[in-house]
Amino acid sequence: MKTELLLNFTVDKENKKIHVEREFAASIAKVWAAWTQKELLEQWWAPKPWKARTKEMDFSEGGHWLYAMVGPEGEEHWARMDYKSITAQKSYSALDFFCDENGKPSDFLPGSQWLTSFKETSNNTIVDVLLTFNELSDLEKHIEMGFKEGFLMAFENLDEVLEHQQ
Amino acid sequence: MPKEFRRDVFQAIADPTRRAILGMIALQAMTPNALAEHFDTSRQAVSKHIKILTECQLIRQESSGREIYYHFNAKRMREVDQWLEQFKKLWEDRFNQLDQVLHNLKPNDYED
């Protein structure tokens, strides 16, 4: 299933902002649920073969999502998303940062600010994510922690598949 | 904060003066004196920026006669963009997974 859905990805290095915009073939109610309910978030948030596992979730202003990115070897990277303001099925703002399993912020990695907005078009929903980093070096860390391993792991899996085909 | 963090490429380009320096030497190689003339800040401050840029390999020094020239290292700059490419890829993968979740989502599976 490959559809042509809008994806915009722009980087504003000067202002340390990244803007991601993506269209989804679903109603705003569904898309909003997928971004705000832990059972659904866990199904797509982590890039394969990593999985997101929730420890605490309270989607409300002042609440947070405390979760681990769990790797194929059982390795864990903990992160927390603190919800600041929420307008149901329209937008939410949050602070995302790495932490330990108790939610205590990692002292050398400041987080990124998120402003996520949802807009319904005729049949689809457009999600707009504006990420603001304190330093762009944080972005490099974001990729390094968890995700980079995920990519490498995916390549290793591919190697294995190719090997078996010979 | 680990010490090598200071030589991080992103940290290097996060500073406006350093971006300005990169912009100038990307156009043409320059001597330290010629560079310093373009800035209101002290020569010392400029050479500190140059040191950081050199440490993270965004610029390199070459001697020509008695003068030192700073050159722009385009290859290193492209590596920065590759990081961003990976970040973009991460989002694409994530969104493709979300497509599947949405595709399989039944009205009873979520709260309105």
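Among B:Lys51/B:Lys89; A:Lys51/B:Lys88; A:Lys104/B:Lys75; A:Lys16/B:Lys106, which pairs are too far apart, with a Cα-Cα distance over 28 Å? Show your work: numbers first, answer last.
Working: B:Lys51/B:Lys89 33 Å; A:Lys51/B:Lys88 19 Å; A:Lys104/B:Lys75 38 Å; A:Lys16/B:Lys106 38 Å.
Correct reply: B:Lys51/B:Lys89; A:Lys104/B:Lys75; A:Lys16/B:Lys106.
Which order do the peptides A:23-29, B:66-72, B:76-82, A:113-119 come out in when sorted by mean C-beta neighbours inside 10 angstrom, highest first? Present the calculation step by step, with values, prior to reporting the outcome.
Details: A:23-29: 18.9, B:66-72: 15.6, B:76-82: 13.1, A:113-119: 17.1.
With the highest mean Cβ count within 10 Å placed first, the list reads A:23-29, A:113-119, B:66-72, B:76-82.
Residue by residue through the range A:117-133, which ³J(HN,Hα) values in whole Hz follow from phi under the Karplus form 6.51 cos²θ - 1.76 cosθ + 1.60 (θ = phi - 60°), with glycine and proline marked x?
10, 10, 9, 8, 9, 3, 10, 10, 10, 9, 10, 10, 10, 10, 9, 10, 9
In whole angstrom, how far apart do the alpha carbon centroids of the range A:1-44 and the range A:59-92 sit?
Taking the Cα centre of each part, the range A:1-44 and the range A:59-92 sit 15 Å apart.
Rule-based calculations on the coordinates, nothing more; no lab input. None of the values given here were measured: they were computed from a predicted structure. Counting neighbours? That spans all protein chains shown, and the Cβs are built from the backbone with ideal geometry, glycine included.
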